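Student: Before I ask anything, let me first share the structure, which is written out below as structure tokens.
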Amino acid sequence: MNEIILTLFNGISLGSILLLIALGLAITFGLMNVINMAHGELIMAGAYITYVIQHIFMDYVPPTQYYDLYFIVSIPVALVVAAGIGVLLEITLIRHLYKRPLDSLLATWGGVGLILQQTARSIFGAPNVGVISPSFLSGGLEVGSLIFPYSRLFILGLAIVCLISIYYYFYRTASGRRVRAVMQNRQMAECLGVSTRKVDMMTFAIGSGFTGVAGCALTLLGAIGPTIGTSYIIDAFMVVVVGGVGALFGAVAGAFGIGIFNTIFEYVTDATIGKVLIFLLIIAFLQWRPSGLVMFRSRSLD
């Protein structure tokens with residue numbers, strides 16, 4: 001029984017990590033139809049921001065309990081810096097590639113992703129670097145004979161907070177309603193006086209910002225390097241496609257579904273076979289529901 005509970009927790013934990021990574025992609029790819037292959041590099045940016053802030057605290061903050069606040073400070077800073085990179089990327093490149101998915105794929109992968117990776121290598125070096133977890137996230141919650149790591153619980157809570165924030169913005173604010181109006185019918189929104197250029201820039205910035213938060217959270221799980229985002233980009237796209245392009249809650253179901261099934265398959269077989277089985281399961285599912293779990297309804301006449 002303990003093994004079953006621990007396996008389910010590991011699946012939920014993996015799902016929360018995938019959700020946190022895929023939230024930004026659900027906005028940029030799901031809502032904006034932009035294939036941003038530099039998504040992994042935005043994760044990398046958030047991770048390195050955490051690394052830099054940790055060293056700033058180590059140099060200028062006395063070694064007291066306040067040192068642990070570096071991670072709390074890193075979350076909003078990573079969000080703002082990644083959002084700033086997103087704004088710059090949207091203005092200089094993405095804006096000229098809307099409705100050109102193949103061009104946006106090549107430009108963001110070759111023109112942006114590789115440049116950001118090389119920039120990180122030039123600044124921080126090629127070897128991976130470590131981020132020391134704050135003391136309040138060390139250890140785990142003991143429930144009987146089971147131990148649930150605080151770091152994994154924190155990532156789960158952070159994913160829920162980010163999800164609630166995105167939901168509140170898109171469905172409870174005037175700015176979010178303008179975003180949804182543009183995504184559903186761009187021409188009608190323009191006729192009603194909505195600045196679609198500003199909406200595109202703001203939406204891409206929001207998606208990039210939450211991607212930076214995901215990079216900050218990944219520092220709790222291990223060392224970081226210039227290619228940290230590359231290993232997660234495929235899983236993030238799978239979450240969005242399985243959940244349904246443009247559907248926020250579909251991304252939630254897709255993330256936790258993939259996380260739980262992947263953990264179960266790895267427990268029954270091994271990591272390699274488990275990854276193969278999850279790919280086969282996704283292919284079979286998309287044959288049954290090509291639009292994903294949740295279909296995005298649009299008022300545009302295609």
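The values are calculated or read from the model by the stated rules, or taken from the named source; none is laboratory data. Since we're looking at a predicted model, the values are computed, not measured. Glycine gets a Cβ as well: all are built from the backbone with ideal geometry, and neighbour counts include every protein chain shown. To get the accessible areas, we keep the full protein, side chains included, count just its heavy atoms, and leave off ligands, DNA and RNA. Shrake-Rupley method; radii C 1.70, N 1.55, O 1.52, S 1.80 Å.
Student: Of the accessible area of the range 13-158, with the probe set at 1.4 angstrom, what percent is carbon plus sulfur? Walk me through the numbers on the way to the answer.
Tutor: On the way: 4740 of 6780 Å².
Percent of accessible area from carbon and sulfur atoms in the range 13-158: 70.
Student: Another question about this same structure. Under 5 Å between amide H atoms, partner at least 5 residues away or on a different chain: which partners does Gly140 have, H built in plane at 1.01 Å?
Tutor: Amide H neighbours of Gly140: Tyr150.
Student: Treat every Asp and Glu Cβ in the chain as -1 and every Lys and Arg Cβ as +1, leave all other atoms uncharged, and give the resulting dipole magnitude about the Cα centre to the nearest 20 debye. Numbers along the way, then the final one.
Tutor: Numbers: 16 positive and 13 negative charges, 237 e Å.
In total the dipole reaches around 1140 debye.
Student: Once fully extended, how much extra length lies between Ala223 and Asn185, figured as 0.36 nm per residue of separation less the alpha-carbon to alpha-carbon distance? Please report the intermediate quantities before stating the final value.
Tutor: On the way: separation 38, 0.36 × 38 = 13.68 nm, distance 4.33 nm.
My answer for the length gained is 9.3 nm.
Student: Now, a different point. How are the alpha carbon pair distances in the range 104-181 distributed across 10 Å bins from zero to the largest one, expressed in percent?
Tutor: Calculated over all Cα pairs of the range 104-181, the distribution is 14, 18, 26, 31, 10, 0 percent.
Student: Quickly estimate the mean residue ellipticity at 222 nm for the chain, helices only: each DSSP H run with n ≥ 4 gives -39500 (n - 2.57), and the total goes over all residues, rounded to 500. Before the final figure, lay out each step's value.
Tutor: Working: 12 runs with 203 residues, N = 302.
Taking each H run of at least 4 residues, the total per residue is -22500 deg cm²/dmol.
Student: Quick check: the distance between the Cα centres of the range 89-121 and the range 1-67, to the nearest angstrom?
Tutor: Answer, in whole Å: 21.
Student: Something else now. Residue separation times 0.36 nm, minus the C-alpha to C-alpha distance between Val161 and His55: what's the value?
Tutor: Going from the current span to full extension adds 35.5 nm.
Student: Anything in the chain that counts as a DSSP H helix reaching 18 Å or more along its axis (C-alpha) with Kyte-Doolittle mean of at least -1.0? List them, would you? Mind dumping the intermediate values first?
Tutor: Working: long enough: 2-25 (34 Å, 1.81); 39-60 (32 Å, 0.63); 69-92 (35 Å, 2.24); 150-172 (32 Å, 1.30); 196-218 (33 Å, 0.77); 230-243 (21 Å, 1.83); 248-268 (30 Å, 1.51); 271-288 (26 Å, 2.07).
Once both thresholds are applied, what remains is 2-25, 39-60, 69-92, 150-172, 196-218, 230-243, 248-268, 271-288.
Student: Does the range 1-112 come out rounded, prolate or oblate by the C-alpha gyration tensor, with a ≥ b ≥ c the root eigenvalues, rounded set by a/c under 1.5 and, if not, prolate when a/b is larger than b/c and oblate if not? Each step should come with its number before you reach the end.
Tutor: Values: a/c = 3.21, a/b = 1.28, b/c = 2.50.
Verdict is oblate for the range 1-112.
Student: Over the range 1-118, with the other protein chains present, what is the accessible area per residue in square angstrom, probe 1.4 angstrom? Working shown, then result.
Tutor: Values: 5320 Å² over 118 residues.
Accessible surface, normalised per residue, equals 45 Å².
Student: On the protein heavy atoms, probe 1.4 angstrom, tell me the percent of accessible surface of the range 193-302 carried by carbon and sulfur.
Tutor: On the way: 3540 of 5220 Å².
Carbon and sulfur atoms account for 68 percent of the accessible area of the range 193-302.
Student: Once a ≥ b ≥ c are taken as the square roots of the eigenvalues of the Cα gyration tensor of the range 149-268, is the result rounded (a/c under 1.5), prolate (a/b larger than b/c) or oblate (a/b not larger than b/c)? Could the numbers behind the result be given before it?
Tutor: On the way: a/c = 2.22, a/b = 1.91, b/c = 1.16.
Prolate is the answer for the range 149-268, as a/c is 1.5 or above and a/b outweighs b/c.
Student: Please give, to one decimal in nm, the separation of the simple spin-label points placed at Ala174 and Glu3, each 7 Å out from Cα toward the Cβ.
Tutor: 5.9
Student: Give the calculated FRET efficiency between Ser122 and Leu69 to the nearest 0.05, with a Förster radius of 30 Å applied to their Cβ-Cβ distance. Walk me through the numbers on the way to the answer.
Tutor: Values: r = 30 Å, r/R0 = 0.99.
Approximately 0.50, to the nearest 0.05.
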